[in-house]
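Notes follow the structure.
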Amino acid sequence: MKKYFEIVNLQIPCSFILNDGTRFDLRTGIPNNALVVYKQGFKNLGLKEGAEELFKKEKINDLIALIRKARRIEDVKVLAAAKADNEKIKEEAEARIKALQSS
């Protein structure tokens, strides 16, 4: 998972207790459940280039929801690249990038 995710906005990697009671430990690197945790909206994970292959099988509506929740322009670009030929995805990505740039 280290190939697809990076730790963001966190000075020292640490362990977190998620809403479902499970532990998510970043002290030893990126855990195998990083994709699930990212989809749940965990704010300390970012996507690296190439991670779009993890999202190729996602439904369009699920991908749009992830784009709307994305906190970084880099994440929006990676998510949009998963289904680059879809117009709805392109429109949502452009709108989210504009919103992130203005804030």
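The values are calculated or read from the model by the stated rules, or taken from the named source; none is laboratory data. Since the structure is predicted, the reported quantities are computational estimates derived from the model, not experimental observations. Methodologically, a virtual Cβ is constructed for each residue, glycine included, from the backbone with ideal geometry; neighbour enumeration extends over all protein chains shown. What goes into the accessible areas is simple: the full protein's heavy atoms, side chains included, and nothing from ligands, DNA or RNA. Shrake-Rupley method; radii C 1.70, N 1.55, O 1.52, S 1.80 Å.
Per residue of the range 93-103, what does 6.51 cos²θ - 1.76 cosθ + 1.60 with θ = phi - 60° give for ³J(HN,Hα)? Whole Hz please, x for Gly and Pro, Karplus curve as stated.
Those phi angles translate into 5, 4, 5, 5, 4, 4, 5, 5, 5, 7, 9 Hz.
Cut-off under 19 Å on the C-alpha distance; same-chain residues fewer than 8 positions from Lys98 excluded. Which aspartates and glutamates are left, in chain and number order?
Glu74, Asp75, Glu87
Starting with the highest mean, order 10-22, 89-101, 35-47 by the number of other Cβ atoms within 10 Å, averaged over the residues of each peptide. Walk me through the numbers before you get to the answer.
Working: 10-22: 9.6, 89-101: 15.6, 35-47: 18.0.
The peptides rank, most packed first, as 35-47, 89-101, 10-22.
Go ahead and estimate [θ] at 222 nm for the chain from helices alone: -39,500 (n - 2.57) per DSSP H run with n ≥ 4, summed, over the residue count, rounded to 500.
Values: 4 runs with 41 residues, N = 103.
Computed mean residue ellipticity for the chain: -12000 deg cm²/dmol.
Under a 1.4 Å probe, what is the accessible area of the chain per residue, stated in Å²?
That works out to 64 Å² for each residue.
Per the 1.4 Å probe, what fraction of the accessible area of the chain, in percent, lies on carbon and sulfur atoms?
Working: 3170 of 6610 Å².
Solvent-exposed carbon and sulfur of the chain make up 48 percent of the total.
Taking 0.36 nm per residue of separation and subtracting the Cα-Cα distance, what length does fully extending Leu10 through Lys48 add? Working shown, then result.
Numbers: separation 38, 0.36 × 38 = 13.68 nm, distance 1.62 nm.
Once the chain is fully extended between Leu10 and Lys48, it gains 12.1 nm.
Which whole number in µm²/s is D for the chain by Stokes-Einstein, with the Kirkwood Rh taken over Cα pairs at 20 °C and 1.002 mPa s?
Working: Rh = 14.1 Å.
Diffusion coefficient, whole number: 152 µm²/s.
I'd like the orientation of helix 60-69 relative to the chain: the angle between its Cα long axis and the longest Cα principal axis, in ° from 0 to 90, rounded to 10.
60 degrees
Can you give the convex hull volume of the alpha carbon atoms of the range 1-43 per residue, in Å³? Please report the intermediate quantities before stating the final value.
Details: hull volume 3.1 nm³, N = 43.
Given the Cα convex hull of the range 1-43, per-residue volume reads 71 Å³.
Out of residues 5 or more away from Leu45 or on other chains, whose amide H comes under 5 Å of its own, with H placed 1.01 Å from N in the peptide plane?
Val8
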